[in-house]
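Down below is the structure, laid out as structure tokens.
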Amino acid sequence: MIEDDAGLRPEATVERARAAGPRQAWAGLPWPVRTAVTWSACLVVVIAGLWLLGKVAVLLAPLAIALAGTLFLTALLDPVLLLLRRLRVPSALAALLSILLLLGVLVGVGVLVWNLTASQFGELSQQLDQGMERSRDFVTSTLPITDAQLDRLIQQTRDGLSGSTPDPVGGARTVAEVAGSVLLALVLLFFLLKDGRSMWHWVLRRMTGPNRAVTEEAGRVGWRTLGSYSRGTMIIAAIDALGIGLALVLLGVPLALPLALITFLGGFVPIIGATVAGAVAVLVALAANGPTTALLTLAAVITVQQIEGNLLEPLIMKRQVQLHPAVILVVVTAGTLIGGIAGAFVSVPIAAVTWRVIDTVQRHPQPSPPTPPAQPAAG
């Protein structure tokens, strides 16, 4: 058969030209176009992946929140478990005692607060309503807005937050989901406290090569970050509640203990939780004692939060948990939209642990490729 000038058959030349056509066309494009196409394709893939993860997270929101809450509580109770294990307490009994300690603290605090302020809880809603009325009068008298416009704006905000009228069936389903999530979290908490370390070692034993070292380091850093966040957040929230509660007592603001408890719970939702708790305290002070006490309460709240943000948080958290405030706001908002209040609580630790794990994987030295065997010299 006759070959062409390059020594190839005509059929091979045609096949080679067809195969090289797309590559030549791609190489012939200007580099800004090639870069834009590459980044656009990557962006489409990332957005599609995030959309898919979001759909799965929404469908499995109760399970995801239960798992996140379980990991948070496991990291919080891990020092107690280690202390009991050092005392030669069996692992199952140590896990059970840790959970009973957690439940005892929660129930004890709840009963104490209820016994001390049961008669005042009914007044809290009334005090807030009075504070809102005074704030409403201040807005309408200061800004160029009428009562009707303010009522319409408030109603639109309520409609946007509620989305629809309450559904008894949906409410019952939500209660059932919450109860199921709490029960699942307690069961998982027991097993993670009892067998968590053996589970992790089992996973590591199934890995070989450099992946094992990277996974072990990332898991250690992620667990350390979660533990630092859980214990540090609890300490900071307690200090905030103590400082603001003491200020409320000195200023003579009623319902100081319930407001301190709200401040403690709000401390587990960074930025937004502290802001909401401080606003509630200021509104109660405004309704009970007037604008002067409200301004002093606002000054006390700001002072405590500034001390917490600039001194206590860097000192207690160290450098284990570092997220920009803008990132925290976005993460908390996303968690609230997906899982409500529970999503707001668990969104920040999930983001912090994820970031630390990714950063650790990126910083881990990559294994060098194997050196190809030397070719024998031609004789």
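Summary table
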| quantity | calculated |
| --- | --- |
| Spin-label model distance (nm) - Ile341 vs Ala213, 7 Å beyond Cα toward Cβ | 4.8 nm |
| Potential extension, Thr292-Thr38 segment - 0.36 nm per residue separation minus Cα distance | 85.4 nm |
| Peptide ranges 197-204, 32-39 listed from the most packed, as the mean C-beta count within 10 angstrom indicates | 197-204, 32-39 |
| Extension gain, Leu82 back to Arg224 (0.36 nm per residue minus Cα-Cα distance, nm) | 49.7 nm |
| Least to most buried among Asp137, Asp240 (fewest other Cβ within 10 Å first) | Asp137, Asp240 |
| Theoretical FRET efficiency, 1/(1+(r/R0)^6), r = Cβ-Cβ of Trp200 and Ala279, R0 41 Å, to 0.05 | 0.45 |
| Diffusion constant of the range 218-272 at 4 °C, which comes from Stokes-Einstein with the Kirkwood Cα-pair radius and 1.567 mPa s, µm²/s | 106 µm²/s |
| Extension gain from Met132 to Met234, taking 0.36 nm per residue of separation minus the Cα-Cα distance | 33.7 nm |
| Residues Val56 and Ala176, FRET efficiency given R0 of 30 Å [Cβ-Cβ distance, rounded to 0.05] | 0.90 |
| Protection-proxy order for peptides 289-297, 268-276, 103-111, 80-88, each taking the mean of Cβ atoms within 10 Å per residue, highest first | 268-276, 289-297, 80-88, 103-111 |
| Projected-area mean, the range 179-221, by convex hull of Cα positions, square nanometres | 3.6 nm² |
| Calculated from backbone phi, Karplus (6.51, -1.76, 1.60) coupling profile of the range 214-225 in Hz, x at Gly/Pro | 5, 5, 5, 5, 5, x, 5, 5, x, 5, 5, 5 |
| Approximate spin-label separation Gln149-Val45, in nm, with each point projected 7 Å along Cα-to-Cβ | 5.2 nm |
| Per-peptide average of other Cβ atoms within 10 Å, ordering 44-52, 70-78, 89-97 highest first | 70-78, 89-97, 44-52 |
| Where labels lie 7 Å past Cα in the beta-carbon direction, separation of Leu100 and Thr303 in nm | 4.4 nm |
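None of the figures in this text is laboratory data; all of them are computed from the coordinates on show. Computed from a prediction, not measured in an experiment: that's the story for all the values here. We place every Cβ from the backbone using ideal geometry, glycine too, and count neighbours over all the protein chains shown.
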